Amino acid sequence: MLGRVLAQRYEIESGIGAGGMAIVYLGQDRLLCRPVAVKVLRENYAKDEDFVRRFRLEAQAAASLSHPNVVNIYDVGEEDGIYYLVMEYLAGTDLKTLIKQRGKLSVGQGLWVAAEIAKALEHAHAHKIVHRDIKPHNIVLTRDGRIKVTDFGIARAVSSSTLTQTGFVLGSVHYSSPEQVSGGQISGAADLYSLGVVMYEMFTGHLPFEGETPVSIALKHL
């Protein structure tokens, strides 16, 4: 992928990170002369037509969000079987890394982070969008001192895919609400439950529930 130009506009420069669903690259928007983050779907997802359809719909919905605490989605597209999202590039670190580095956060800092996340959720829920995957990995603390929530709308496409019916592909069961792990109706309340788990981890340095398997952890949430 390095050196490739998508849509004759987004030049892939280097890798940033990788997750269960996608690989994220640092890119350059040649048209607007600015850095961007390009999230490219892994091949197994890109081959699932139902998932791709849901991915596009959810990405387009998430792109409608405009809030200081929500990462902006600039574009979504496909080229030669490569499905990608173009997003705001954020220089900084994710909350999970910060917790690991510090052990735990101070009460004051943790409350500030939680309040900023809550503002993003309030905005999304007002637009009928439920995140479904709130966890420290999806919270970015930028170098200029802002909090940004990433991956809005994407988890819904993942959870709806046949690829994920038998397991927790995103590895997010530690933060999942009871209704998520039991397959119940999902509302904005699920995001607030996950935020509560994030707060627990910020203040204590560890998760409320651990287990040897995702199923054992899910049962503890229930």
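Considering only region 148-169, I want to know if a residue exists there that is modelled with pLDDT of 95 or more and of a type in the set (Lys, Arg). Among the residues of region 148-169, at least one is modelled with pLDDT of 95 or more and of a type in the set (Lys, Arg), which makes the answer yes. Scanning region 182-217 for residues that are among the hydrophobic types (A, V, I, L, M, F, W, C) and closer than 25 Å to residue 41 by Cβ, which turns out modelled with the lowest pLDDT? Per the criteria, the residue is 186. Annotation note: of 172, 176, the sole residue that is in contact (Cβ under 8 Å) with a residue 40 or more places away in the chain and open to solvent by less than 30 Å² (accessible area, probe 1.4 Å) is 176. For region 69-88, a residue qualifies if it is aromatic (Phe, Trp, Tyr) and at pLDDT below 90, and exactly one does: 83.
Of all residues in region 116-133, none are at pLDDT below 85 and open to solvent by less than 40 Å² (accessible area, probe 1.4 Å). For residue 105, the requirement of being in contact with a strand residue (DSSP E or B) (Cβ under 6 Å, 6 or more places away or on another chain), open to solvent by less than 50 Å² (accessible area, probe 1.4 Å) and of a type in the set (A, V, I, L, M, F, W, C) is not met. Across region 62-73, the number of residues qualifying as in contact with an Asp or Glu (Cβ under 7 Å, 6 or more places away or on another chain) and open to solvent by 40 Å² or more (accessible area, probe 1.4 Å) comes to 1.
Checked against the criterion of being among the charged types (D, E, K, R) and modelled with pLDDT of 90 or more, the candidates 43, 13 yield just one match: 13.
Can you find, within region 75-88, the residue that is nearest to residue 8 (Cα to Cα) among those that are more than 14 Å from the chain's Cα centre (by Cα) and surrounded by fewer than 18 Cβ atoms within 10 Å (Cβ to Cβ)? Only one residue tops the list, namely 79. Residues of region 36-46 include none that is touching a Lys or Arg at 6+ places or on another chain (Cβ under 9 Å), surrounded by fewer than 16 Cβ atoms within 10 Å (Cβ to Cβ) and in a helix (DSSP H, G or I). Being without any contact (Cβ under 8 Å) to a residue 40 or more places away in the chain, among the aromatic types (Phe, Trp, Tyr) and in contact with a strand residue (DSSP E or B) (Cβ under 8 Å, 6 or more places away or on another chain) holds for only one residue in 25, 84, 74, 10, and it is 25. For residue 2, the stated conditions do not hold, so it cannot be described as part of a helix (DSSP H, G or I) and over 16 Å from the mean Cα position of the chain (by Cα). Restricted to region 89-105, and to residues there that are out of contact with any helix residue (DSSP H, G or I) (no Cβ under 9 Å at 6 or more places or on another chain) and outside any helix (DSSP H, G or I), the residue that is farthest from residue 15 (Cα to Cα) is 103. Give region 2-15 a look and list any residue that's exposed (fewer than 15 other Cβ atoms within 10 Å of the Cβ) and within 25 Å of residue 133 (Cβ to Cβ), or say none. Residue satisfying the conditions is 15 alone.
The values are calculated or read from the model by the stated rules, or taken from the named source; none is laboratory data. Computed from a predicted model, the values in this text were never measured in an experiment. Because the Cβ atoms are built from the backbone with ideal geometry, glycine has one as well, and the counts that use them run over all protein chains shown. Side chains included, ligands, DNA and RNA excluded: accessible areas come from the protein's heavy atoms. Shrake-Rupley method; radii C 1.70, N 1.55, O 1.52, S 1.80 Å.
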